[in-house]
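Single-structure report; data block below.
The values are calculated or read from the model by the stated rules, or taken from the named source; none is laboratory data. Because the structure is a prediction, the values reported are computed rather than measured. Counting neighbours? That spans all protein chains shown, and the Cβs are built from the backbone with ideal geometry, glycine included.
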Amino acid sequence: MTSIAPTLDAPRRRTAQRQFIVPLAAVAIAALALSWASGSGFRQDLLVMVAVYALIALGMYIPFVMAGSMSMAYAAYAAIGAYSVAIVTTETSLPPLLGWLIGPLISAAVAVVLSLLTRRLSGFYLAAVTLLFSLAFEPWLIELEPITGGSAGIGGIPSPTIFGWEAPRIVLIAIALALVIVVATLVERIRTGAWGVTVRTMRDVPSAVEAMGTRTTTLTTVTLAIGAAVASLAGALFVSFMLSITPETFTLSIVFMALFVPLIGGQASAWGCVIGAIIVIQLTANMPSEFEGSGQLVLALGVLLILLVAPAGLIGYAKAFIAWLKRSVRKARS
Amino acid sequence: MTDPQLWLSVLEIGSFFGLIALAYQLTLIGAGFFNFAIGPYAMVAALGASWLTIEAKIPVVISLLLGLLIAVVVSGLTELLVVRQVQKRSGSGELPALVAVTAVLFIVQQGAGTVFGRPALPGQMLVSFGPWQFGEIYLAGTTVVLVASTAVIFLLVSLWMKLSRTGRLLRAVGDNRSAATLLGLPVGRIRLVAFLLAGLIAGIAGLLYAPKTGVAFTSGLSWTLVGFLALVIGGTGRTWAPLVGGLVLGAIQVFAPFYFGSFGPTTMVLLIALLFFAFRPQGLFSTRVRI
């Protein structure tokens with residue numbers, strides 16, 4: 001129906017193969033990235049930012065790309081995740097892992113409330129309410145100074161340890177990349193599963209899903225809650241590496257950027273979020289200093305170009321290339 | 001809430017919010033989605049005019065007109081090169097178009113930052129007069145110009161929507177696009193007119209508001225947000241609704257900090273929006289379309 005709508009599944013057998021090939025390739029690429037980054041603090045920071053953006057985009061993937069509901073509160077969800085970890089580690093003696101659990105739960109609860117308030121209205125009202133929530137959230141962080149440290153934020157967060165072992169930073173980054181790969185694999189599994197097909201059908205023909213006895217409003221709420229929880233992990237990840245957080249860390253412009261990420265990578269698969277995150281970070285954070293600020297310009301122009309010329313994104317191109325390769329191989333054989 | 005000076009600034013920023021929201025409303029009627037690039041149109045007009053006057057030493061009149069021209073052209077190009085093409089490709093779904101105008105938002109912001117420089121510039125005025133003092137009220141010339149122009153623009157637009165052929169066609173397209181297409185109305189041309197008019201109004205709003213606050217390339221995003229909020233509060237049913245929404249939003253922004261501290265403005269807007277969405281999702285003013 002729409003050209004960036006999900007295509008229906010390839011035969012099951014091929015999907016089953018891909019289930020292993022793509023994550024294994026991702027692990028190999030992550031290993032390469034780790035060896036590239038070892039010894040350079042800047043490159044390690046870039047990898048962390050890629051992981052953060054990829055997680056935010058993966059959070060948006062199920063509600064935005066699959067279900068077609070646009071929430072703009074992901075910056076707030078990431079901030080909730082970050083503050084949860086920061087507060088748990090600095091204020092209490094509880095394990096930091098608890099912060100990693102609390103943040104996603106709070107975010108999901110907020111997403112459910114915001115979604116319920118607008119469930120009878122069209123998608124635009126969800127965008128409006130979540131945008132307002134994002135805007136209002138920053139002053140709350142500043143005003144609730146006893147808990148959040150006000151506008152100075154929370155600093156001096158101890159680096160995470162693994163059962164008391166102070167792991168070197170590169171090991172922690174390896175864990176972060178592993179987390180991204182696991183989440184991307186899970187989201188991809190969800191996408192191709194029965195539930196994912198229902199969600200994607202709801203995006204294009206809601207009346208059909210409603211007619212089959214599934215409440216579309218409830219389904220939308222569930223997707224938004226999952227997305228919020230995943231995006232919250234991005235904030236927790238960020239604070240575990242940068243070791244400080246202020247109200248200005250996660251701003252609205254991150255939300256707008258994250259809208260682009262799946263589009264650049266390709267919306268056909270959850271892995272598009274990861275590819276898109278790599279490109280976005282390369283363009284915005286890893287540009288030579290004389291091009292500073294023009295990265296966003298290039299990025300936005302690229303998004304327009306992709307929308308106009310290649311709505312399937314990089315993955316779409318790669319798929320077309322592989323199909324072409326297979327065809328020519330077959331021709332050469334016969 | 002008895003200080004007349006504060007009410008004056010409510011009137012001033014409310015007029016600005018109202019104008020931006022009116023530009024939103026025109027593209028909403030014409031194209032059926034929220035054009036997030038409205039704020040950058042206003043920004044590029046103001047920043048362009050200031051840069052042309054200060055850096056390129058062009059007379060103020062010409063640079064103001066050139067600023068307006070930039071906004072109108074950018075708005076027209078948004079429709080012709082981006083929105084129309086994307087909607088042609090991906091159907092009438094609103095999400096691809098929304099992502100596309102978000103990209104336009106960044107392009108205009110960063111493009112303006114690259115061309116006109118990144119530091120904030122003061123806004124330019126054609127003639128400067130005032131300020132006057134009436135008792136306790138201190139009235140600046142820019143305020144008078146902004147409020148008066150807003151009144152005139154809203155009057156003209158509502159008359160245009162009611163009386164002119166193009167205005168009535170625009171309402172027909174907004175009420176029921178497929179019916180308008182079936183009737184053979186020139187939908188494409190009317191949409192373009194709506195975008196050009198929106199660019200013009202946004203440009204005027206930016207030019208008139210910039211002398212008060214100055215303008216930088218990042219102003220675009222924040223102006224986009226306030227205009228959107230004004231439209232959410234006012235609703236889209238009447239031509240005057242964006243102005244009412246703008247004034248309500250202006251009052252919140254001026255008075256909320258007094259009563260609720262820095263918590264105030266955005267939280268108040270959030271609460272008000274939630275109340276509206278719960279009880280009156282169509283905004284303060286709405287029309288029922290008979291089909």
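Descriptive notes on the structure:
- Filter pass, B:Thr142 being polar (S, T, N, Q), away from chain A (no Cβ under 14 Å) and touching a Pro at 6+ places or on another chain (Cβ under 6 Å): yes
To keep it simple, each residue is scored yes or no on (1) farther than 25 Å from B:Arg238 by Cα; (2) surrounded by fewer than 20 Cβ atoms within 10 Å (Cβ to Cβ).
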position	(1), (2)
B:Leu19	no, no
B:Ala23	no, no
B:Gly39	no, no
B:Val44	yes, no
B:Ile54	yes, yes
B:Lys57	yes, yes
B:Leu77	yes, yes
B:Arg84	yes, yes
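- Selection from region B:137-181 of residues that are of a type in the set (Ser, Thr, Tyr), in a helix (DSSP H, G or I) and out of contact with any Gly (no Cβ under 7 Å at 6 or more places or on another chain): B:Thr142, B:Thr143, B:Ser149, B:Ser158, B:Thr166, B:Ser178, B:Thr181
- Taken as a whole, the condition of being crowded, with 24+ Cβ neighbours inside 10 Å and either touching a residue at least 12 places away in the same chain (Cβ under 8 Å) or more than 18 Å from the chain's Cα centre (by Cα) (or both) does not apply to B:Ile29.
- Yes/no for A:Ala67 being farther than 21 Å from A:Ala176 by Cα, buried (at least 24 other Cβ atoms within 10 Å of the Cβ), among the aliphatic types (A, V, I, L, M) and within 14 Å of chain B (Cβ to nearest Cβ): yes
- Of all residues in region A:71-90 being under 12 Å from A:Ser232 (Cα atoms) and among the hydroxyl-bearing types (Ser, Thr, Tyr), the one that is surrounded by the fewest Cβ atoms within 10 Å (Cβ to Cβ): A:Ser84
- In region B:239-259 there is no residue matching the filter, namely being modelled with pLDDT under 90 and closer than 17 Å to B:Val74 by Cβ.
- Exactly one residue out of B:Val72, B:Val104, B:Val82, B:Val86 is in contact with a helix residue (DSSP H, G or I) (Cβ under 6 Å, 6 or more places away or on another chain), in contact (Cβ under 8 Å) with a residue 60 or more places away in the chain and within 14 Å of chain A (Cβ to nearest Cβ), and it is B:Val104.
- Taking residues in region B:108-121 that are more than 8 Å from B:Phe217 (Cα to Cα), and partners anywhere that are part of a helix (DSSP H, G or I) and among the polar types (S, T, N, Q), the pairs with Cβ atoms closer than 7 Å and at least 6 places apart or on different chains are B:Thr114/A:Ser294; B:Leu121/B:Ser50.
- Among (1) assigned to a helix (DSSP H, G or I); (2) within 14 Å of chain A (Cβ to nearest Cβ), the one test that B:Phe33 misses: (1)
- Qualifying residue in region A:91-109 (condition: more than 10 Å from chain B (Cβ to nearest Cβ), over 25 Å from A:Met242 (Cβ atoms) and surrounded by fewer than 18 Cβ atoms within 10 Å (Cβ to Cβ)): yes
- Conditions (1) within 14 Å of chain B (Cβ to nearest Cβ); (2) more than 27 Å from A:Ala152 (Cβ to Cβ); number of the one not met by A:Leu132: (2)
- Residue tally, condition in a helix (DSSP H, G or I) and more than 7 Å from chain A (Cβ to nearest Cβ), over region B:107-117: 5
- The set of residues in region B:89-101 being surrounded by fewer than 23 Cβ atoms within 10 Å (Cβ to Cβ) and either more than 10 Å from chain A (Cβ to nearest Cβ) or free of Cβ contacts under 8 Å to residues at least 24 places away in the same chain (or both) consists of B:Arg89, B:Ser90, B:Gly91, B:Gly93, B:Leu95, B:Pro96.
- Residue count for region B:79-128 satisfying the condition of being small (Gly, Ala, Ser), in contact with a strand residue (DSSP E or B) (Cβ under 8 Å, 6 or more places away or on another chain) and at pLDDT 80 or above: 1.
- Leading residue by the ranking (farthest from B:Gly123 (Cα to Cα)) among those in region B:183-232 that are aliphatic (A, V, I, L, M) and within 14 Å of another protein chain (Cβ to nearest Cβ): B:Val232
- Taking the numbered list (1) at pLDDT 90 or above; (2) in contact with a Gly (Cβ under 6 Å, 6 or more places away or on another chain) in turn, A:Thr198 passes all entries but (2).
- Region B:207-235: number of residues that are touching a Leu at 6+ places or on another chain (Cβ under 7 Å), part of a helix (DSSP H, G or I), farther than 22 Å from A:Leu126 by Cβ and hydrophobic (A, V, I, L, M, F, W, C): 2
- Flag if A:Ile190 is more than 22 Å from A:Ile226 (Cβ to Cβ) and surrounded by 17 or more Cβ atoms within 10 Å (Cβ to Cβ): no
- Residues that are of a type in the set (Phe, Trp, Tyr), within 12 Å of chain B (Cβ to nearest Cβ) and closer than 12 Å to A:Ser71 by Cα are absent from region A:140-161.
- Odd one out for A:Ala318, checked against (1) within 22 Å of A:Arg43 (Cβ to Cβ); (2) more than 14 Å from chain B (Cβ to nearest Cβ); (3) modelled with pLDDT under 80: (1)
- Cβ separations smaller than 6 Å between residues 6+ apart or across chains give no pair from region B:177-190 residues that are more than 17 Å from B:Leu26 (Cα to Cα) and at pLDDT 85 or above to residues that are β-branched (Val, Ile, Thr) and assigned to a helix (DSSP H, G or I).
- Note on region A:191-245: residues that are free of Cβ contacts under 8 Å to residues at least 40 places away in the same chain and not in a helix (DSSP H, G or I) amount to 5.
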